[in-house]
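Notes for the one structure printed next.
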Amino acid sequence: MGGKPYKDWEEVKKDIKKWNNINIGCIFFAALCLIGGVASETLDVDLSIAPLTFYLLAIFLAVISIAPHISVVALKSWFGVESERKNK
């Protein structure tokens with residue numbers, strides 16, 4: 001949420017899309033790390049790092065994805081509140 005005031009609602013919609021895509025990307029990579037950890041542990045494949053490292057990386061990415069998700073929720077809430085004020 002860049003710290004700048006929004007001039008119109010199109011900028012808000014663009015920021016919602018941007019933060020949502022970042023959130024989905026973090027969750028996607030967290031799922032890939034989780035799958036990699038499970039696969040390397042069950043198949044006894046050496047992927048040059050330990051399965052525990054994959055799990056920790058998945059947890060880290062899942063926690064990092066909270067920040068963009070909060071931004072999306074806040075922007076959607078703000079957009080909804082302002083659109084309700086315009087309708088009255």
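Within the listed set A30, A58, A67, the Gaussian network model of the chain (springs between alpha-carbon atoms below 10 Å) gives the highest mean-square fluctuation for A67.
How big, on average over all directions, is the shadow cast by the Cα convex hull of the chain, in nm²?
Result: a mean projected hull area of 7.0 nm².
Placing R0 at 41 angstrom, the Cβ-Cβ distance between T53 and S77 gives a FRET efficiency of 0.65 after rounding to 0.05. Among S40, S48, S71, which one moves the most in a GNM of the chain with springs linking Cα atoms closer than 10 Å? Result for the chain, Cα springs under 10 Å: S48 fluctuates most. 3J(HN,Hα) along segment 7-22: 8, 8, 6, 5, 5, 5, 5, 5, 5, 4, 4, 4, 5, 5, 5, 5 Hz, from the Karplus curve 6.51 cos²θ - 1.76 cosθ + 1.60 with θ = phi - 60°, whole Hz, x for Gly and Pro. Taking every C-alpha pair closer than 8 Å and separated by at least 6 residues, the mean separation divided by the residue count of segment 27-87 gives a relative contact order of 35 percent.
Since every read-out is calculated from the coordinates, none of them should be taken as a lab result. Everything numeric in this text was worked out from a predicted model, so none of it was measured. Glycine gets a Cβ as well: all are built from the backbone with ideal geometry, and neighbour counts include every protein chain shown.
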